[in-house]
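As structure tokens, the structure follows; a few thoughts come after it.
The values are calculated or read from the model by the stated rules, or taken from the named source; none is laboratory data. Small disclaimer: the values here were computed from a predicted structure and weren't measured. Here the Cβ positions follow ideal geometry from the backbone for every residue, glycine too, while neighbour counts run over all protein chains shown. In case anyone asks, the SASA skips ligands and DNA or RNA and just uses the protein heavy atoms, side chains included. Shrake-Rupley method; radii C 1.70, N 1.55, O 1.52, S 1.80 Å.
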Amino acid sequence: MSRTIQAPRGTFDVLGEQALARERLEADARRILERAGYSRIETPTFEATELFARGVGESTDVVQKEMYTFADDGDQSYTLRPEGTAPVCRAYLEHGMHKLPQPVKLWYLSSFFRRERPQAGRYRQFWQVGAEAIGSDDPAVDAEIVLLLAELLEAVGTKGVRLRIGSLGSPEARVAYREQLQGYLRAHEAELSAEVVSRIDLNPLRAFDADHPGTRRVMERAPRLLDALAPEDAEHFAEVLAFLDAAGLAHEVDTTLVRGLDYYTRTVFEFTSDALGAQSGVGGGGRYDGLIEQIGGPHTPGMGFAAGVERMLMAAGAQPTAPVPLDLYVAYAGASHRAAAFRLAADARRAGHAARLELGGRSLKGQLKQADRSGARYVAILGDEGTSLKDMETGEQRTVEPDTVMHHIRGDL
Ligand code: AMP
């Protein structure tokens, strides 16, 4: 026998209960986001590599080592999308959405691809629900995005949720702060992990993310970006927090919050769940006022969130799922009744009932056992003596005319 083939490392199949849970999550997302004026967008699974290199940032982990990139059309380089914001901004530009009333509000539920080390809650193909509001820098937009994700997490039943929020300010303030932080890190090089030292030039802010104890000690006393914000950015952040307070959403201001993607400006936020292990982030996002310019458009502010479908469901735990109620189970005694049974089940479904036919080649006795297990409300039995219909709720069984089964089910007879 030849070797069986398995799904690639870091990918998974969605089966049974999980499929139902994911459908419910999608319905929750649609309800919450469309009520707030977000309309669905689906972008291609792959894009020009340059979109992510320019949009997400050359120095990020995602672009440096996690992208699935391939060549096509001669020397054109494409990449399986590792995130949703840059593609949505590309679509905003490509479809001239700046002509629509701003902000343009879009949401998606799609799969994304990152070559990460697989572990619990970290996959190479995973799904995210995301929302983007493009074309306004009003702090109310920031607060709305945060609030909508909070609502989604509540609807999904994600447990032990904590919200941290910060501000990265403007790119100019960040450049000045970056230099200050680089100076501080160089002065403490001996105490830092080798990885952090190797990235002082490229991405010093990531030092706040490190687990290394020496680095953590150094970072406790490091200068904070939040203290270096320009007055208008500090004001913007204060207004975002005031809106969250007005909406009654609990949050912690975190001066060390950095996110893995380069495009963020001003507001950044993250929801984590105590119910998860090391990969505790369920979703987050922020403002990306420079992104559209990065990818060749005019200056256009934007704000969004992305939340991991698998993480949200993991942190929600198993939710009871009600099986689809079965109206009719069609059983038959002997092969000569198969065609009539097949037709009855098909007719019942066409008439809008949930109906199932015996397909496992079981004896009549076996079929009736199956019918019982299936929780069907009615069982029709086709045999030499005609058709009988059993009401599984009352236990009553009677002989009926074959073409009246549907009327009986509907209670017309
Ligand atoms: P990010 O786009 O990195 O800000 O991620 C947003 C959310 O997507 C995270 O909070 C996770 O819930 C989820 N996520 C990111 N990367 C992965 C992954 N490799 N596997 C599963 N979920 C992920």
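Whenever a residue of the stretch 190-203 is within 16 Å of residue 179 (Cα to Cα), its partners that are open to solvent by less than 80 Å² (accessible area, probe 1.4 Å) and hydrophobic (A, V, I, L, M, F, W, C), lying with C-beta atoms within less than 7 angstrom and at least six residues away or across chains, give the pairs 196/207; 196/210; 200/185.
Which one is farthest from the ligand (Cβ to nearest atom) among residues in the stretch 35-57 that are assigned to a helix (DSSP H, G or I) and surrounded by 12 or more Cβ atoms within 10 Å (Cβ to Cβ)? The extreme case among them is 50. Screening 164, 178 for residues that are more than 27 Å from residue 250 (Cβ to Cβ), among the basic types (Lys, Arg) and either within 16 Å of the ligand (Cβ to nearest atom) or touching a helix residue (DSSP H, G or I) at 6+ places or on another chain (Cβ under 8 Å) (or both) leaves exactly one candidate, 178. Residue 32 falls short on exactly one of the conditions (1) assigned to a loop (DSSP other than H, G, I, E, B); (2) in contact (Cβ under 8 Å) with a residue 60 or more places away in the chain, and that condition is (1).
Evaluated against (1) part of a helix (DSSP H, G or I); (2) surrounded by fewer than 17 Cβ atoms within 10 Å (Cβ to Cβ), residue 243 falls short on exactly one condition, (2). Among the acidic types (Asp, Glu), away from the ligand (no atom under 12 Å from the Cβ) and open to solvent by less than 40 Å² (accessible area, probe 1.4 Å): does that describe residue 132? For residue 132, the condition - among the acidic types (Asp, Glu), away from the ligand (no atom under 12 Å from the Cβ) and open to solvent by less than 40 Å² (accessible area, probe 1.4 Å) - is met. Every condition in (1) open to solvent by less than 40 Å² (accessible area, probe 1.4 Å); (2) in a helix (DSSP H, G or I); (3) in the same structural domain as residue 283 (by TED's automatic domain parsing); (4) among the hydrophobic types (A, V, I, L, M, F, W, C) is met by residue 238 except one, and the failing one is (1). Pairs linking a residue in the stretch 278-306 that is of a type in the set (Ser, Thr, Tyr) to a residue that is within 9 Å of the ligand (Cβ to nearest atom) and not in a strand (DSSP E or B), with Cβ atoms under 7 Å and 6 or more positions apart or on different chains, are 288/85. Annotation for the stretch 62-85: no member residue is farther than 23 Å from residue 296 by Cα, touching a Ser or Thr at 6+ places or on another chain (Cβ under 6 Å) and in a strand (DSSP E or B).
Quick one: is residue 26 assigned to a loop (DSSP other than H, G, I, E, B), in contact with a strand residue (DSSP E or B) (Cβ under 7 Å, 6 or more places away or on another chain), at pLDDT 95 or above and on the phi < 0 side of the Ramachandran plot? Against the criterion (assigned to a loop (DSSP other than H, G, I, E, B), in contact with a strand residue (DSSP E or B) (Cβ under 7 Å, 6 or more places away or on another chain), at pLDDT 95 or above and on the phi < 0 side of the Ramachandran plot), residue 26 does not qualify.
When the criteria are applied in full, residue 321 meets the requirement of being within 30 Å of residue 276 (Cβ to Cβ), in a loop (DSSP other than H, G, I, E, B), more than 16 Å from the ligand (Cβ to nearest atom) and not assigned by TED's automatic domain parsing to the domain that holds residue 405. Note on the stretch 258-267: among residues that are within 12 Å of the ligand (Cβ to nearest atom) and crowded, with 23+ Cβ neighbours inside 10 Å, the one that is modelled with the lowest pLDDT is 261.
Close Cβ contacts (under 6 Å, 6 or more residues apart or on different chains) running from residues in the stretch 1-18 that are in contact (Cβ under 8 Å) with a residue 40 or more places away in the chain to residues that are within 16 Å of the ligand (Cβ to nearest atom) comprise 9/118; 10/118; 10/123; 10/124; 11/124; 11/125.
Selection of first residues in the stretch 72-84 that are open to solvent by 40 Å² or more (accessible area, probe 1.4 Å) and of second residues that are within 16 Å of the ligand (Cβ to nearest atom) and not aliphatic (A, V, I, L, M), restricted to Cβ pairs under 6 Å at least 6 apart or on distinct chains, gives the following pairs, ordered by first then second residue: 80/68; 80/113.
Within the stretch 268-284, if we keep just the residues that are more than 10 Å from the ligand (Cβ to nearest atom) and surrounded by fewer than 20 Cβ atoms within 10 Å (Cβ to Cβ), the residue that is nearest to residue 166 (Cα to Cα) turns out to be 274. The set of residues in the stretch 357-392 that are part of a loop (DSSP other than H, G, I, E, B) and either crowded, with 20+ Cβ neighbours inside 10 Å or of a type in the set (Phe, Trp, Tyr) (or both) comprises 358, 376. Within the stretch 287-302, can one find any residue that is surrounded by 23 or more Cβ atoms within 10 Å (Cβ to Cβ), assigned by TED's automatic domain parsing to the domain that holds residue 50 and more than 16 Å from the ligand (Cβ to nearest atom)? Checked the stretch 287-302: at least one residue is surrounded by 23 or more Cβ atoms within 10 Å (Cβ to Cβ), assigned by TED's automatic domain parsing to the domain that holds residue 50 and more than 16 Å from the ligand (Cβ to nearest atom). Checking each residue in the stretch 148-191 for being part of a helix (DSSP H, G or I) and within 19 Å of residue 109 (Cβ to Cβ) picks out 148, 149, 150, 151, 152, 153, 154, 155, 156.
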